[in-house]
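S.K.: Please read through the structure below; I'll follow up with questions.
We did not get these values from a lab; they are worked out from the coordinates using the rules stated. None of the values given here were measured: they were computed from a predicted structure. Cβ placement follows ideal geometry from the backbone for every residue including glycine, while neighbour counts extend to all protein chains displayed.
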Amino acid sequence: MTTHPTGTAPGPEQQLREAELTDRVTASFDSCPDPRLRQLMSGLVRHLHAYVREVRLTEEEWNRAIDFLTRCGDITDDRRQEFILLSDVLGASMQTVTVNNEAHGDATEATVFGPFFVEDSPAVPLGGDISAGAPGEPCWVEGTVIDTAGTPLAGARIEVWEADETGHYDVQHDDHRTAARGHLVTDSQGRFRFWAVTPTPYPIPHDGPVGELLKSVGRSPMRASHLHFKVTHEDCRTLVTHIFVRGDELLDSDAVFGVRDSLVKDFEQQPAAPTPDGRIVQGPWTRARFDIVLAPAKA
Ligand code: BEZ
Ligand code: FE
């Protein structure tokens, strides 16, 4: 048991009193008619009390925590979700993803969804350009969607979205633009290909309480450069993931712990023409090739 900030470990009487309170509160859920809710609530209370006891939380610290959560609520609206950001920077989002996407053969690993997905993104033909004018270095992305047996998956729907080189998603600009996002459908051999912009690093929103927290603990709000993917196919488990850029300095310090080694791919710098589809590109561009492996759907 961790000692009190004053250095005094709680005596046996005190420990009994604290344990008895935890037992009483967990027992208060015994008659909950929904067994899952009962499990969720009693587990939460057990761990919360264990935390309060382990760190010997002071009343002043608890009040500050309540104030912090209140400020998270104050800044949250239909465009800003500070509680999800909090869950992200505490690794709770990534741990929930990990628990719910068990490894299956060499299925592509899942990672956090993030707040910038938008339903009804533009349909983009194979070989088309998702950037729609978003500023950034052009990037050609190609690969195949396969199942864990290696069979190509025709008709898989790929949603892709990313920040532009200013570090913002389209929805963070004030002009209602739709850019750097779209969806494609794989061809009869499971292949996909499209133009995008080369991913660049950007900060998670850090002008609120979560940003203050990161600053107080000496952590950076920066995310490693990535492309977001959501891939669906009727026979398979839906995959939400990112593809990261090999060599990015932020791979080991991603603010939301979203990086998996298997998701880091080469984005090779290309000097000039020719481009894969004959497109004329002004200046340098990059090229990335990777397959996306989907686990089977649960029976
Ligand atoms: C993102 O990758 O878009 C993101 C993920 C978590 C928090 C903020 C942004
Ligand atoms: Fe992102």
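S.K.: Based on the Cα atoms of the stretch 4-47, what semi-axes does the equivalent ellipsoid have, where each is the square root of 5 times one gyration tensor eigenvalue, given in whole Å with the largest first?
M.R.: 29, 11, 5
S.K.: Continuing with the same structure: Rounded to two decimals, what is Rg over Rh for the stretch 99-244 when you use alpha-carbon atoms and the Kirkwood radius?
M.R.: Rounded to two decimals, Rg over Rh is 1.00.
S.K.: Assuming R0 = 35 Å, what is the FRET efficiency of Thr8 and Phe117, from their Cβ-Cβ distance, to the nearest 0.05?
M.R.: 0.10
S.K.: Another question, if that's okay. What is the angle, in °, between the Cα long axis of helix 59-75 and the longest principal axis of the Cα atoms in the chain? Nearest 10 is fine, range 0 to 90.
M.R.: 30
S.K.: Which value in deg cm²/dmol, rounded to the nearest 500, describes the helix-derived mean residue ellipticity at 222 nm for the chain, given -39,500 (n - 2.57) per DSSP H run of n ≥ 4 and division by the residue count?
M.R.: -8500 deg cm²/dmol
S.K.: About the Cα centre, and with charges only on the beta carbon of Lys, Arg (+1) and Asp, Glu (-1), how big is the dipole of the stretch 173-299? Nearest 20 debye, please.
M.R.: 220
S.K.: Please say if the stretch 161-299 is rounded, prolate or oblate, where rounded means a/c under 1.5 for a ≥ b ≥ c the square roots of the C-alpha gyration tensor eigenvalues, and otherwise the choice is prolate for a/b larger than b/c and oblate otherwise?
M.R.: In terms of gyration-tensor shape, oblate.
S.K.: If r is the Cβ-Cβ distance from Glu142 to Asp235 and R0 is 25 Å, what FRET efficiency results, to the nearest 0.05?
M.R.: 0.65
S.K.: On to the next question. Report, in whole Å, the centroid distance computed from the Cα atoms of the stretch 39-74 and the stretch 254-294.
M.R.: One Cα centre to the other: 43 Å.
S.K.: Also, I was wondering about something else. Tell me, Trp62, Trp285 in order of fewest to most beta-carbon neighbours within 10 Å?
M.R.: Result, fewest neighbours first: Trp62, Trp285.
S.K.: Pairs of Cα atoms under 8 Å, at least six residues apart: use those to get the relative contact order of the stretch 117-189, whole percent.
M.R.: The value is 44 percent.
S.K.: Tell me, how many Å apart are the Cα centres for the stretch 160-182 and for the stretch 107-142?
M.R.: The distance from the Cα centre of the stretch 160-182 to that of the stretch 107-142 comes to 10 Å.
S.K.: Fewest to most neighbouring Cβ within 10 Å: what's the order for Cys139, Cys72?
M.R.: Neighbour counts put them in this order, fewest first: Cys72, Cys139.
S.K.: Here's another thing I want to ask about it. Based only on other Cβ atoms within 10 Å, what is the fewest-to-most ordering of Lys215, Lys298, Lys230?
M.R.: Lys298, Lys215, Lys230
S.K.: Please compute the Cα-Cα pair-distance distribution of the stretch 43-148 with 10 Å bins starting at 0, giving whole percents from short to long.
M.R.: Binned Cα distances yield the sequence 10, 23, 31, 20, 12, 5.
S.K.: Among Asp34, Asp187, Asp74, whose mean-square fluctuation peaks in a Gaussian network model of the chain (Cα, cutoff 10 Å)?
M.R.: Asp34
S.K.: Between 0 and 90 degrees, rounded to the nearest ten: what's the tilt of helix 12-27 against the longest Cα principal axis of the chain?
M.R.: The two axes meet at around 60 degrees.
S.K.: Past the 13 angstrom mark, what percentage of all C-alpha to C-alpha distances in the stretch 235-281 do you count?
M.R.: Summing the P(r) of the stretch 235-281 above 13 Å gives 68 percent of all pairs.
S.K.: Could you tell me the largest-minus-smallest coordinate of the C-alpha atoms of the stretch 173-240 on each of the three principal axes, in descending order and whole angstroms?
M.R.: Principal extents (Cα only, largest first): 52, 31, 20 Å.
S.K.: Going 7 Å from the Cα of Arg219 in the Cα-to-Cβ direction, what parts of the stretch 89-108 have a backbone nitrogen less than 15 Å from that spot?
M.R.: Residues 89-96 qualify, since their backbone N sits under 15 Å from the label point.
S.K.: Among all the lysines, which ones have a C-alpha under 18 Å from Lys265's C-alpha, if same-chain residues fewer than 8 places away are not counted?
M.R.: Lys230
S.K.: Now, a different point. Which of these, Phe29, Phe117, Phe68, has the largest mean-square fluctuation under a Gaussian network model of the chain (Cα springs below 10 Å)?
M.R.: Answer for the Gaussian network model of the chain: Phe29.
S.K.: Among Gln81, Gln282, Gln95, which one shows the biggest mean-square fluctuation in a GNM of the chain, springs joining Cα atoms closer than 10 Å?
M.R.: Gln282
S.K.: If you build the Cα gyration tensor of the chain and take the root of 5 times each eigenvalue, what three semi-axes come out, in whole angstrom, biggest first?
M.R.: Ellipsoid half-lengths, sorted descending, are 44, 23, 17 Å.
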